[in-house]
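Working notes, beginning with the structure itself.
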Amino acid sequence: MGHKVEPRQGSGPGVNGRRESRAWRPSWRRLNAREIDAYDLIPGDLARRVHVVSIPFLPGSYVAITLGRFVCIARDIPDDGTSELLAHELVHVGQWQEVGKARFVLDYVGHFARGLREYRSWNKAYRGIAAEVEARTKATSWCQRCL
Ligand SMILES: [Zn+2]
């Protein structure tokens, strides 16, 4: 549901000396044709109904959160179908669609609570949520394929 960015992708000068932009520009858009084609992690008819909402910030180190077909992102992302972050969130869109809103939220929170009890670590609990493991795995392998 939420997404944290690994430190390697942090702020400051990136590879090629390019600065990663953190400035917020309000936007609310649908995926374009190229993205719908590129992000084949979910069916095209679902991808066409996704809303990508730019928001100024999220609590903690979260940079994105998906609520149903609404992907809220507190970071500038490319619109050319090459964003691993968006790919990750689209896996969550598919999960919401597949199991339904109530089931998704209950499972997500349940896994998180169990993880917190077990690991006593917010981050470990988050990383162990089944929906997150699946999104991470799928988005990572999707990204490798595109290299
Ligand atoms: Zn996630």
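Some values worked out for this structure:
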| quantity | calculated |
| --- | --- |
| Checking TRP28 against (1) touching a helix residue (DSSP H, G or I) at 6+ places or on another chain (Cβ under 9 Å); (2) surrounded by fewer than 16 Cβ atoms within 10 Å (Cβ to Cβ); (3) of a type in the set (Phe, Trp, Tyr), the condition it does not meet | (1) |
| ARG8 being at pLDDT below 95 and part of a helix (DSSP H, G or I) | yes |
| Within the range 70-83, considering residues that are under 13 Å from the mean Cα position of the chain (by Cα) and free of Cβ contacts under 8 Å to residues at least 40 places away in the same chain, the one surrounded by the fewest Cβ atoms within 10 Å (Cβ to Cβ) | PHE70 |
| Restricting the range 44-69 to residues that are without any contact (Cβ under 8 Å) to a residue 40 or more places away in the chain and within 18 Å of GLY100 (Cα to Cα), the residue that is farthest from the ligand (Cβ to nearest atom) | ASP45 |
| Any hit, the range 78-86, residues being in a helix (DSSP H, G or I) and more than 26 Å from ALA33 (Cα to Cα) | no |
| Looking only at the range 138-147, and only at residues there that are within 13 Å of the ligand (Cβ to nearest atom) and surrounded by 14 or more Cβ atoms within 10 Å (Cβ to Cβ), the one that is nearest to LEU86 (Cα to Cα) | ALA139 |
| Qualifying residue in the range 124-131 (condition: touching a strand residue (DSSP E or B) at 6+ places or on another chain (Cβ under 8 Å) and within 18 Å of VAL50 (Cβ to Cβ)) | no |
| Condition check for ASP40: among the charged types (D, E, K, R), over 11 Å from the mean Cα position of the chain (by Cα), within 21 Å of SER141 (Cβ to Cβ) and surrounded by fewer than 19 Cβ atoms within 10 Å (Cβ to Cβ) | yes |
| Options TRP142, TRP96; residue that is touching a residue at least 40 places away in the same chain (Cβ under 8 Å) and either among the basic types (Lys, Arg) or in a helix (DSSP H, G or I) (or both) | TRP142 |
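Listed here are the residues, each with its yes/no results for (1) away from the ligand (no atom under 13 Å from the Cβ); (2) assigned to a helix (DSSP H, G or I); (3) surrounded by 14 or more Cβ atoms within 10 Å (Cβ to Cβ).
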{"position": "VAL105", "(1), (2), (3)": "yes, yes, yes"}
{"position": "GLU118", "(1), (2), (3)": "yes, yes, no"}
{"position": "TYR126", "(1), (2), (3)": "no, yes, yes"}
{"position": "ARG136", "(1), (2), (3)": "no, yes, yes"}
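The values are calculated or read from the model by the stated rules, or taken from the named source; none is laboratory data. Please read all numbers here as calculations on a predicted model, not as lab measurements. Don't worry about glycine lacking a Cβ; one is built from the backbone with ideal geometry, like all the others, and counts go over all protein chains shown.
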